[in-house]
Amino acid sequence: MGIQTQHLAIYGKGGIGKSTTTSNIAASLAEVGYRVIQIGCDPKSDSTSTLRGANYLPTVLDSVRDGGRVKLTDISAVGFKGVLCIEAGGPVPGVGCAGRGINAAIELLRELRLFEEYKPDVVLYDVLGDVVCGGFAVPIREGLTDRVYVVSSSDFMAIYAANNLFRAINKYAPSGGAKLGGIIANSVLAPYAQALIDDFAQTTGTRTVAFVPRSTAVAQAELYGQTVIEASPNSPQADVYRRLARNIIDDRSAVIPRPLAVNDLRAWARKWGDLVIQVEQGRVAPRAGI
Ligand code: ADP
Ligand code: MG
């Protein structure tokens, strides 16, 4: 185990599988003895749900809003194999900025001296990345995290969001912001999906860290309110997450990505529009055209 805490942010568009992936990484690390904190930075506030049996956990923003002195025990829960779970929270619907919870959480955790006193090996930030504005940019901007990963499928909207994240990283990295560790490809099944994501990674100067297949084990675990690591520890899907977890804490390489300009991204997408059917029909190998 390292002597220094690694702070890792996991971004991606809403519904792409950030929380599922992050929680399974947390569980994978915790089961081999790492001290892990997972901080949900999504107004949806369900990041750590499968690590703690889907029980209710007050968010930082809710607790701060209620006034009074907030203690660590008010806003955290100890989940699977000791993972410390925290949810930043979101605004009251219709009022305020969605990114406020992150600012509130970071401030409070600093005040509580959480990292100094808890001494985690790894802190995982699960961050909504549809728009990297305001609070959502904080984990990149302020030297808070060591590396950023993005979860993406082969859907254009997910790639589009990843490309926008790369722009934000690109903007802040020269002034001490976090760099990119790579892309976590999620829900890949179709033969073209891996090739498409790999090609996007190469084109933007990064790498694909892992391919996580779409799996019924994930759906089942979620219904149980558990991670795959807990619900199906012997499944192939659990091993996929274990390998991914190992990879992201052992391989500390990170880059400043080269995001595509809007027109170039459109042209790149059109090229793949032609390719996907050919790959699907076996007329070209999945790697052709790359
Ligand atoms: P996000 O945190 O990005 O909003 P979630 O992790 O909550 O997304 O995932 C959204 C939905 O997709 C959940 O119902 C989750 O169980 C499902 N899901 C995510 N990854 C997979 C996968 N690899 N296989 C099957 N279902 C998945
Ligand atoms: Mg989520």
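What part of the accessible area of region 6-262, given as a whole %, is carbon or sulfur when the probe is 1.4 angstrom?
51
Would you mind classifying region 162-284 by shape? Square roots of the alpha carbon gyration tensor eigenvalues, ordered a ≥ b ≥ c; an a/c under 1.5 is rounded, otherwise it is prolate if a/b is larger than b/c and oblate if not.
Note, shape of region 162-284 comes out oblate.
May I ask you to give the solvent-accessible area per residue for the chain, in square angstrom, as obtained with a 1.4 angstrom probe?
44
Apply the a/c threshold of 1.5 to the C-alpha gyration tensor of region 1-155 and tell me whether it is rounded, prolate or oblate.
rounded
Add -39500 (n - 2.57) for each DSSP H run of 4 or more in the chain, then divide by its residues: what number comes out at 222 nm, to the nearest 500 deg cm²/dmol?
Result for the chain, helices only: -13000 deg cm²/dmol.
Provide the three semi-axes, in whole Å and in decreasing order, of the ellipsoid equivalent to region 165-229 as defined by the square roots of 5 times the Cα gyration tensor eigenvalues.
In descending order, the three semi-axes are 29, 18, 7 Å.
Report, by chain and number, residues whose modeled amide H sits under 5 Å from the one on E87, excluding near sequence neighbours (fewer than 5 apart, same chain).
G40, V60
Taking amide hydrogens as modeled 1.01 Å from N in the peptide plane, which residues meet the under 5 Å criterion relative to T204, leaving out close sequence neighbours?
none
Within region 6-262, what percent of beta bridges assigned by DSSP are antiparallel, to the nearest 5?
Taking every DSSP beta bridge within region 6-262, about 10 percent pair in antiparallel fashion.
In bins 10 Å wide, starting from 0, what share of all Cα pairs of the chain does each bin hold, as a percent?
Taking every Cα pair in the chain, the percentages come to 7, 29, 35, 21, 6, 1, 0.
For region 262-275, just list the computed ³J(HN,Hα) in residue order, Karplus coefficients 6.51, -1.76 and 1.60, θ = phi - 60°, integers in Hz, with x standing in for Gly and Pro.
Result, rounded to whole Hz: 3, 5, 5, 5, 5, 5, 4, 5, 4, 4, 6, x, 6, 6.
The values are calculated or read from the model by the stated rules, or taken from the named source; none is laboratory data. What you are looking at is a predicted structure, and each value in this text was computed from that prediction instead of being measured. Note: areas computed on protein heavy atoms with side chains; ligands, DNA, RNA excluded. Shrake-Rupley method; radii C 1.70, N 1.55, O 1.52, S 1.80 Å.
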